[in-house]
1. When you scan the range 133-146, do you find a residue that is touching a Gly at 6+ places or on another chain (Cβ under 8 Å), of a type in the set (S, T, N, Q) and in contact (Cβ under 8 Å) with a residue 12 or more places away in the chain, even just one?
2. Just checking, which of Val264, Val209 is over 24 Å from the mean Cα position of the chain (by Cα), at pLDDT 95 or above and among the hydrophobic types (A, V, I, L, M, F, W, C)?
3. Given the conditions (1) buried (at least 22 other Cβ atoms within 10 Å of the Cβ); (2) in a helix (DSSP H, G or I); (3) of a type outside the set (A, V, I, L, M), and given that His138 satisfies all but one, which numbered condition is not satisfied?
4. Hey, could you check the range 76-93 for residues that are within 30 Å of Leu235 (Cβ to Cβ) and hydrophobic (A, V, I, L, M, F, W, C) and say which is nearest to the chain's Cα centre (by Cα)?
5. Answer yes if at least one residue in the range 41-55 is assigned by TED's automatic domain parsing to the domain that holds Cys103 and not in a helix (DSSP H, G or I), and no otherwise.
6. Given the conditions (1) among the polar types (S, T, N, Q); (2) closer than 30 Å to Tyr263 by Cα; (3) in contact (Cβ under 8 Å) with a residue 40 or more places away in the chain; (4) surrounded by fewer than 23 Cβ atoms within 10 Å (Cβ to Cβ), which single one is not true for Thr97?
7. Condition test on Phe168, is it farther than 20 Å from Ala101 by Cβ, touching a residue at least 60 places away in the same chain (Cβ under 8 Å), in the same structural domain as Glu90 (by TED's automatic domain parsing) and not β-branched (Val, Ile, Thr)?
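The values are calculated or read from the model by the stated rules, or taken from the named source; none is laboratory data. No experiment lies behind these values; they were computed from the predicted model shown. Here the Cβ is made from the backbone with ideal geometry for all residues, glycine too, and neighbour counts use every protein chain on show.
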Amino acid sequence: MKTIGIIGAGQMGAGIAHVSALAGLDVLIHDVSEEAIESGLATISGNLARQVSSEKITDEQRHAALERLSSAANIEALGVADMVIEAATESEDVKRTIYKAVCPVLSPTAILATNTSSISITRLAAATDRPERFLGVHFMNPVPVMQLVELVRGIATDDATFQAAKGFVELLGKETSVSEDFPAFIVNRILIPMINEAIYVLYEGVGTVDGIDSAMKLGANHPMGPLALADFIGLDTCLAIMQVLHDGLADTKYRPCPLLVKYVEAGWLGRKSGRGFYDYSGDEPVPTR
């Protein structure tokens with residue numbers, strides 16, 4: 001595996017491109033516009049510079065990684081990739097549209113992977129021309145920092161594809177956890193309902209934003225409180241995963257908290273929108289409730 005294509009230059013796509021380039025792979029980044037790609041490349045450049053400042057990598061490694069990153073403004077440019085990873089928004093319709101566009105340009109031997117955090121791999125694979133060469137490769141956020149990658153096989157994923165993806169993750173210096181193809185897999189099956197419960201605690205007036213986050217940091221030794229973590233993940237992403245869990249498992253314990261729904265409807269999506277359970281407009285985040 002020498003060349004990786006990334007579809008989506010946002011937070012996750014940029015992170016995957018970052019670690020792939022550092023590992024010595026040529027990386028092609030595609031998004032809906034040149035501006036989006038340039039923004040992703042600028043994010044990667046800034047993050048690499050911070051790694052140099054903190055002495056995690058050398059300046060030579062930074063330069064080499066940047067040389068391996070290329071813009072793929074036209075989706076046809078991904079035709080040379082050995083593996084393409086879709087890292088688009090957590091919407092099944094969006095992902096299906098992407099597969100319809102990218103599959104015809106891929107090499108017959110190329111692997112197509114998704115970074116979905118919750119959607120059925122088997123169902124997504126059925127929207128492609130290569131279900132046996134399709135799987136979930138779910139990175140954690142922020143990608144350059146987090147060591148885990150969940151590998152998820154669909155019902156048709158063949159052994160060669162799984163082993164190639166496992167080798168790719170090992171090349172990046174990360175650890176794999178293999179999940180069955182159930183809604184939200186392992187990490188988010190546990191994490192997002194915990195966050196949803198924290199939002200219920202806020203919604204029911206049991207505690208304040210600061211009180212809930214402080215309690216979990218000091219009482220459960222979590223490095224970040226659940227509401228601050230929700231803002232970091234993105235409240236729209238949290239809601240999408242809860243909806244996948246609720247629809248897929250038909251259990252009322254996965255019902256999204258009405259307050260989470262209300263915040264998303266208001267456009268209060270967390271850090272990326274400047275406001276969620278905290279207001280990020282000042283020097284320090286301030287609780288909004």
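1. yes
2. Exactly one of Val264, Val209 is over 24 Å from the mean Cα position of the chain (by Cα), at pLDDT 95 or above and among the hydrophobic types (A, V, I, L, M, F, W, C), namely Val209.
3. Result: His138 passes all but (2).
4. Ala87
5. Yes, because at least one residue in the range 41-55 is assigned by TED's automatic domain parsing to the domain that holds Cys103 and not in a helix (DSSP H, G or I).
6. (3)
7. yes
Every residue, every condition in (1) in a loop (DSSP other than H, G, I, E, B); (2) touching a helix residue (DSSP H, G or I) at 6+ places or on another chain (Cβ under 8 Å); (3) modelled with pLDDT under 95, yes or no:
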position: Ala73; (1), (2), (3): yes, yes, yes
position: Glu76; (1), (2), (3): no, yes, no
position: Lys100; (1), (2), (3): no, no, no
position: Ser107; (1), (2), (3): yes, yes, no
position: Leu112; (1), (2), (3): no, yes, no
position: Ser117; (1), (2), (3): yes, yes, yes
position: Arg123; (1), (2), (3): no, yes, no
position: Ala127; (1), (2), (3): yes, yes, no
